[in-house]
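Right, one structure below, let's go through it.
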Amino acid sequence: MHSVVLVKQVPDPTGDRRLDRGDATVARDDADAVVGPLDLHALEAALTLREAGGGTVTALTVGPPRAAGALRQALATGADQAVHVVDSALHGACAPQTSAVLAAALRRVGFDLVLCGAASSDGRLGVMAALLGERLGVPHLSGLRALAVTGTTVTGERQTEDGWWELAAELPAVVSTHVLPDPPRRRTVAGIRAAQHRSVTTLTLADLGIDPATVGLAAATSRVVTADAGPARTPGRTGDPAELVRFLADRALV
Ligand SMILES: Cc1cc2nc3c(=O)[nH]c(=O)nc-3n(C[C@H](O)[C@H](O)[C@H](O)COP(=O)(O)OP(=O)(O)OC[C@H]3O[C@@H](n4cnc5c(N)ncnc54)[C@H](O)[C@@H]3O)c2cc1C
């Protein structure tokens, strides 16, 4: 089975993040960059499926040159190969454009199962699995908290406000994952060293037959018009647990 994991490089969610003053796009260069936290769960699922049933795991990203770091992390964690779609025309790409580029790359590399995070930690639109399912003409199962593959069927569980849903689809398919039961494995030093020498396949929009005029900020279906900083956070309260419980109970928070 060929699993393709979508990894998006995002500004570290635990650090300071800001928008560029010029065009209100995410200022990516001055923040620490990490792989999206849920993407690591998707990668863990793909690696676990490979251990159980064999196959190949490819990591795929669409992003600026710096996003190659996300692919190196995926390789160091256990992915077999990596593909980077990089093109300066993509600056400010909206979600539908990004999905068109990802879909073209997926057609190019081939796949049985596409795995991605349920939502990125920067854009947080939570739409990529559905967009890709539509574009590729395959079923998509979104927001899974557990998943398995038996034969040519992928099954999973989705938690909603109404309870648990048990879902199934025939491969090829797209799934997106929330936090899964098994925590993402850590990179080893040997894995990090080995990943530095692995080759990453680089594709441009021309390689994918995509007209640069159809992507990027100028052609985006949505763009950030204005943004304001949120209110400063007040420090939390610490102290005697019994007193803190009374404090919360007085405010009907427990
Ligand atoms: C080169 C480039 C520059 C961009 N610049 C900006 C910018 O400056 N400002 C801005 O607001 N938006 C920018 N975007 C678009 C934005 O970052 C998102 O990629 C896109 O809009 C998807 O939105 P989302 O992350 O909220 O999707 P979600 O649906 O929340 O993402 C779900 C999952 O889909 C996968 N995924 C999403 N995007 C990618 C990707 N690019 N590559 C691989 N996997 C992915 C991940 O697994 C992710 O967890 C840019 C996109 C590209 C490709």
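The values are calculated or read from the model by the stated rules, or taken from the named source; none is laboratory data. From a predicted model like this one, the values you see are computed outputs, not experimental measurements. Note: areas computed on protein heavy atoms with side chains; ligands, DNA, RNA excluded. Shrake-Rupley method; radii C 1.70, N 1.55, O 1.52, S 1.80 Å.
Summary of computed values
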{"quantity": "Projected-area average for the stretch 2-250 over all orientations - Cα convex hull basis, square nanometres", "calculated": "16.9"}
{"quantity": "Amide H contacts under 5 Å for residue 26, placed H, 5+ residues apart", "calculated": "20"}
{"quantity": "Percent RCO, i.e. relative contact order, over the chain, from Cα pairs under 8 Å lying at least 6 residues apart", "calculated": "23"}
{"quantity": "Residue 182 accessible area, 1.4 Å probe, all protein chains in place, Å² to nearest 10", "calculated": "90"}
{"quantity": "Å³ per residue enclosed by the Cα convex hull of the stretch 1-142", "calculated": "102"}
{"quantity": "Accessible carbon and sulfur surface of the stretch 23-113 relative to its total accessible area, %, 1.4 Å", "calculated": "51"}
{"quantity": "Under-5 Å amide H pairs with residue 177, H placed in peptide plane, nonlocal only", "calculated": "116, 117, 118, 143, 144"}
{"quantity": "The stretch 2-250 - share of DSSP beta bridges that are antiparallel (%, nearest 5)", "calculated": "45"}
{"quantity": "Accessible area in square angstrom per residue, the chain, 1.4 angstrom probe", "calculated": "55"}
{"quantity": "Contact order normalised by residue count of the stretch 151-254, Cα under 8 Å, 6+ apart, percent", "calculated": "11"}
